1. Mind giving me the FRET efficiency for Val2 and Leu98? R0 is 35 Å, r the Cβ-Cβ distance, nearest 0.05 is fine.
2. Leaving ligands and nucleic acids out of the surface, order Val27, Val19 by accessible area at 1.4 Å, largest first.
3. What figure, in Å² to the nearest 10, do you get for the accessible area of Tyr37 with a 1.4 Å probe and non-protein molecules left out?
4. For Lys22, which lysines qualify as cross-link partners when the Cα separation must be under 16 Å and same-chain residues fewer than eight apart are set aside?
5. When the dipole is taken about the Cα centre of the range 91-136, and only Lys, Arg (+1) and Asp, Glu (-1) are charged at their Cβ, what size is it in debye, to the nearest 20?
Amino acid sequence: MVAYPTPTRAEITDIFEAVRQKADALVLTTETASGRYPYKALNAMHVAAKRMESKAQESAEIDPIAALSMPLDKPFQSVLRVAENIANSASIIANQQLAKAIVVFTQKGLMASLVSRNRPNAPILAFAPTAEAREK
């Protein structure tokens, strides 16, 4: 949107990809932000992102948790898979039921981390007994 008040296909594609990946923020590039229509660029980005977010919420798509790359011993691996499945299910249910929040009780912060990997729409409230776990 340097010379024209409408976004290019590439700019819309960038916004779509950021929303699809559930990015926390979008940043206007220098050429877009310093173009002839900075406020129209910001408004176009906002409108496009909101439309895409609403479509994503309607379809309630959640990517499964990616497999951990580090090798684990067998007993811990099976426990971790159960925890991942619980976290994944909690995120799916929260999105489907339009939950206001997801409450997680955790000893070391692992369960809260697993839930957050799913990027659910609802905020995650994690409660932990130690300061170390709360800081994760």
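1. Result of the calculation: an efficiency of 0.30.
2. Ranked list, largest accessible area first: Val27, Val19.
3. 60
4. Lys50, Lys55
5. Its charge dipole is roughly 80 debye.
The values are calculated or read from the model by the stated rules, or taken from the named source; none is laboratory data. Worth saying up front: this structure is predicted, and the values here are computed from it rather than measured. Every residue, glycine as well, gets a Cβ built from its backbone with ideal geometry; the counts of neighbours run over all protein chains shown. Areas reflect the complete protein model, heavy atoms only, side chains present, ligands, DNA and RNA absent. Shrake-Rupley method; radii C 1.70, N 1.55, O 1.52, S 1.80 Å.
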